[in-house]
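Every number here is computed from the coordinates shown, using simple stated rules; none is lab data. These numbers were taken from a predicted model, which means no experiment stands behind them. Here Cβ is always computed from backbone atoms with ideal geometry, including for glycine, and neighbour counts include all displayed protein chains.
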Amino acid sequence: MFFEFWFCLFSTFILAGMIGLNISQSFNSAVTIYILIPIVMIPMMALGGAMFTFDKLNRSISSVGKVPIIAELMPSKWAYEALMVHQFKNNELSKNFYKIEKLESDADFKKVYYIPTLIEELDNIEKTFTEKKTDSIEIENNSRLKLLSNEIGIQLRKAKGVEFEFYNKLNTKDFDEVVAFETRQYLDRLNEYYTEQFQSAYEIKERNLQFYIEKYGENFYNQQKNKFQNESIGEIVKNIYEKNKILVYDGRIIQQIDPVFLDPDDTGKIGFRSHLFSPKKYFMGVYYETFWFNIVILWIFTLLFYILLYFELLLKMIEGFGTVSMFFSKISSEKLAKIKKSIPKIAIPKALNLLKKKK
Amino acid sequence: MKLTANSVLFKVIYVLFSVLILSACSGGGEEDSTLEIPDSVKNAPTQKMKQVGQAVIDDLVQNVSSPIEMAALIKKAGVPFSKDYLSDPDLVDKYNSTFDKALNLGVYGADLGYLNMYNKTSLIINHITTIKKLTEALKIGQFFDFSTLKRLASNNENLDSLMYISTSSFNKMDRYLRESNRSNASTLMVAGVWIEGLFLATQVADKVKTKEINERIAEQKISLNDLIIVLKVYNNEPGFGELIGYFEEIKSAFDPIKIAVEMGEPEMIENDKGELIIKQNDKQTVTIPEGQMEKIIEVTARVRNLVIKK
């Protein structure tokens with residue numbers, strides 16, 4: 001544990017140093033720099049994910065079910081997520097229980113929120129069978145069928161053993177009473193599947209717990225809990241205060257509770273974007289452990305800033321802005337060179353000279 | 001050798017010193033291989049538990065005196081509110097197994113009924129947070145949502161609607177637990193509610209001797225018998241044997257109490273609202289021998305403190 005904590009903070013420290021060096025190189029007066037520091041720091045603090053959850057951001061800059069792009073640019077978010085997930089998942093006590101708790105959480109979500117939502121959508125479509133087919137009803141049915149088709153497609157992959165032959169008929173052309181009936185049957189079978197999953201996961205968890213308590217006594221177990229687990233971190237990474245446990249958006253169902261037990265979406269090929277506190281990150285077909293993935297991202301940032309520093313790119317960009325405004329005010333290039341020479345590069349030595357003279 | 005900033009000795013000492021400091025910063029991270037769970041435990045086949053029928057649980061809930069009724073009785077007797085009777089919400093960290101969690105969920109539920117009756121909103125918040133924590137751990141959090149609690153709070157004066165809301169929520173929860181083969185949890189919850197209700201009543205009876213409260217306590221003899229029968233179904237599950245033992249102790253304290261019911265003729269009378277209702281003219285005579293109440297009070301307090309792990 002110690003090494004991981006140290007390494008994450010060390011990587012953040014190096015990255016911060018790089019950013020600082022870049023700023024120091026690009027601006028020529030100390031005043032500018034210490035006014036700039038809050039401008040750089042405050043977005044990192046606010047968008048790091050610790051001050052408020054991302055769903056409180058305006059929809060136009062936030063993404064549903066994933067970390068908003070603007071927050072992906074903040075190194076604080078990567079470091080924070082890495083440490084939170086690592087501490088929750090991999091501490092000495094929790095690492096024995098994490099896998100089974102994950103199965104339990106997944107099965108519970110499917111039973112309590114996911115399948116009832118799908119059944120509700122199915123009910124809504126069936127209600128329109130007796131009504132006249134207006135355009136608005138067509139559009140609504142279309143979106144509902146898209147939702148059912150997307151989600152059932154994913155479940156056919158994940159819930160192995162529960163079959164559904166009418167999957168190809170989940171569109172407005174082929175959908176009729178028979179398909180509706182079959183879909184309902186499938187959802188009932190899916191419910192049974194997840195009930196069984198939940199029961200077995202729950203029993204195994206209880207059994208493991210009983211094993212500890214019988215072997216070492218309850219006091220020892222409580223001591224271990226106090227030593228290795230953190231209640232507040234558990235509350236944050238499981239998002240227990242979230243009111244909307246499930247969201248339907250753009251033809252997909254999005255799980256809001258227990259993000260630390262939810263695997264990221266693997267439908268995109270390259271995209272590694274996931275929700276906050278995802279236990280694994282998906283990239284190019286492989287799952288990576290969140291902690292090390294985030295650390296690698298921090299070092300990629302560091303490399304990027306190193307390149308910016310080495311080639312003085314930020315400095316050149318800012319000087320470039322200077323020439324553009326000069327260009328528009330129609331000053332000739334000789335005058336421009338003279339003005340450039342007269343601007344003192346570093347203000348401090350001049351101040352020191354003044355002090356020396358006074359002495 | 002002089003210890004200047006450039007000398008080799010300085011550099012060596014510097015490096016050694018920093019290594020010393022960094023290694024001292026290492027936390028107590030012992031590789032505790034004793035925390036591993038052997039595969040034999042992880043992979044053992046799961047067994048199906050016997051399930052108690054729905055009607056039995058419904059019957060049990062009807063018979064076990066609702067904490068709300070008990071609290072209303074206590075309040076009517078003019079007994080002032082006392083925080084000492086209640087189970088401390090901070091003890092929740094001691095409840096690790098499902099057995100402890102379900103049992104104490106019942107205990108906190110009974111406390112909530114008591115608090116609600118006396119309108120102690122500030123203490124209610126603490127209890128509700130604890131109850132929420134326990135229900136999340138038992139994976140029945142969806143039945144304790146904000147709207148149900150709000151209904152409970154706003155219907156403070158109306159005893160009937162309070163009882164209706166709480167029993168219907170409990171029945172929904174029990175049905176859900178039955179589906180996942182966990183009806184032992186609902187039985188434990190009822191047991192928790194019962195023991196806490198009895199504890200509150202006995203503590204009050206200790207201070208204020210009224211006939212109604214004593215009779216109500218004596219009537220618990222009947223509910224206790226039902227409860228023990230249902231608990232015995234789960235005799236083989238961990239923790240149940242101990243609990244049944246405790247309840248048998250309380251039962252033996254109740255044995256000397258005699259309840260005689262004389263069935264009378266039913267008659268039709270007019271109630272306050274002007275409606276005609278049937279009134280059962282049963283006469284109930286409760287005989288409590290001298291000193292028996294003290295024994296009941298003492299054994300209840302002992303068992304309850306064992307249950308909440310005080």
* **Convex hull volume per residue in cubic angstrom - Cα atoms of the protein assembly as shown** => 321 Å³
* To do: Pick out, in residue order, every one of the trypsin sites (Lys or Arg not before Pro) in the range A:28-129 that is DSSP loop and has at most 16 other C-beta atoms within 10 Å; say none if there are none.
  => A:59
* Counting other beta carbons within 10 Å of each Cβ, put B:66, B:168 in order, fewest first. => B:168, B:66
* To do: For chain A, give the magnitude of the charge dipole about the Cα centre (Cβ charges: +1 Lys/Arg, -1 Asp/Glu; no others), in debye to the nearest 20.
  => 3200 debye
* Structure fact -> Computed, not fitted: 222 nm per-residue ellipticity of chain B from DSSP H runs ≥ 4 (each -39500 (n - 2.57)), nearest 500, equal to -20000 deg cm²/dmol
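Arranged by the count of other C-beta atoms within 10 angstrom, fewest first, what order do A:315, A:262 take?
A:315, A:262
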* Long-range amide H partners of residue A:283 with built H, under 5 Å -> A:288
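What FRET efficiency would be calculated for the residue pair residue A:73, residue B:228, taking the C-beta separation as r and a Förster radius of 60 Å, to the nearest 0.05?
Between residue A:73 and residue B:228 the formula returns 0.40.
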* Amide H of residue A:246: which non-local residues (sequence gap of 5 or more, or other chain) have their own amide H closer than 5 Å, using H built in the peptide plane? -> A:256
* Relative contact order of chain A, defined on C-alpha pairs under 8 angstrom at six or more residues apart (%) -> 26 percent
* trypsin sites (Lys or Arg not before Pro), restricted to the range B:168-232: which are DSSP loop and have at most 15 other Cβ atoms within 10 Å? -> B:209
* Asked: What does the charge count near residue B:113 come to, summing +1 for each Lys or Arg and -1 for each Asp or Glu among other residues with Cβ under 10 Å from its Cβ?
  -> -3
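Can you order the peptides A:270-282, A:153-165, B:84-96 by their average number of other Cβ atoms within 10 Å per residue, highest first?
A:270-282, B:84-96, A:153-165
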* For residue A:63, list long-range residues whose amide hydrogen, built 1.01 Å from N in the peptide plane, is under 5 Å from its own amide hydrogen. => A:69
* Mind checking A:206-212 for the average number of partner chain beta-carbons within 10 Å of each residue's beta-carbon? => 6
* Enumerate the calculated ³J(HN,Hα) couplings along the range B:266-283 in order (Karplus 6.51 cos²θ - 1.76 cosθ + 1.60, θ = phi - 60°), each rounded to whole Hz, writing x wherever the residue is Gly or Pro. => x, 9, 9, 10, 9, 8, 4, 7, x, 8, 8, 10, 8, 10, 7, 8, 7, 9
* Structure fact -> Under the helix-only model (-39500 (n - 2.57) for each DSSP H run of 4 or more, divided by the residues of chain A), the mean residue ellipticity at 222 nm, to 500 deg cm²/dmol, is -21000 deg cm²/dmol
* Asked: Assigning unit charges at the beta carbon (Lys, Arg +1; Asp, Glu -1) and nothing else, what dipole magnitude in debye, to the nearest 20, does the protein assembly as shown show about its Cα centre?
  -> 4740 debye
* Exercise: per-residue mean of other protein chain Cβ atoms within 10 Å, B:134-145 -> 2
* Asked: How would you classify chain B from its alpha-carbon gyration tensor, with a ≥ b ≥ c the square roots of the eigenvalues: rounded for a/c under 1.5, else prolate if a/b is greater than b/c, otherwise oblate?
  -> prolate
* How many nm separate the modelled label positions at residue B:59 and residue A:172, each set 7 Å beyond the Cα in the direction of the Cβ? -> 5.7 nm
* **Ranking of A:74, A:45 by count of other Cβ atoms within 10 Å, fewest first** => A:45, A:74
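Do any of A:245/A:280; B:75/B:207; A:316/A:341; B:75/B:120 go past 19 Å between their Cα atoms, and which?
Too far apart for the 19 Å limit: A:245/A:280.
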* If a helix is a whole DSSP H run, which ones in chain A reach 24 Å or further along their own axis (Cα) and hold a mean Kyte-Doolittle hydropathy of at least 1.0? -> A:2-26, A:30-46, A:290-310
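When only DSSP loop residues count, what chymotrypsin sites (Phe, Trp or Tyr not before Pro) in the range B:204-270 have their Cβ near at most 10 other Cβ atoms within 10 Å?
On the way: sites: B:234, B:240, B:246, B:247, B:254; in loops: B:234.
Passing sites in the range B:204-270 do not exist.
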* To do: Can you pull the one-decimal nm distance between simple spin-label points at residue B:51 and residue A:286, each 7 Å off the Cα toward Cβ?
  => 4.6 nm
* Among A:87, B:95, B:18, which residue has its Cα positioned farthest towards the positive end of the charge dipole of the protein assembly as shown, with +1 placed on the Cβ of Lys and Arg, -1 on the Cβ of Asp and Glu, and the dipole taken about the Cα centre? -> B:18
* Structure fact -> Output field shielding_mean for B:175-183 (other chain Cβ, 10 Å radius) holds 3
* Too-long pairs where the Cα-Cα distance tops 32 Å, listed order kept, from A:225/B:150; A:127/A:158; A:110/B:101; B:133/B:295; A:89/B:83 -> A:225/B:150; B:133/B:295; A:89/B:83
* **Computed over the range B:193-297: relative contact order in percent, which uses C-alpha pairs under 8 Å that are six or more apart** => 27 percent
* Structure fact -> For the range A:238-255, in residue order, the Karplus 3J(HN,Hα) values (coefficients 6.51, -1.76, 1.60; θ = phi - 60°; whole Hz; Gly and Pro = x) are 9, 6, 6, 8, 6, 6, 8, 6, 9, 10, 10, 8, 6, x, 9, 9, 10, 8
* Ranked highest first by average number of other Cβ atoms within 10 Å, how do B:297-309, B:120-132, B:190-202 line up? -> B:190-202, B:297-309, B:120-132
* To do: Give me the distance in nm between label points sitting 7 Å out from Cα along the Cα-to-Cβ direction at residue A:160 and residue B:158, one decimal.
  => 5.4 nm
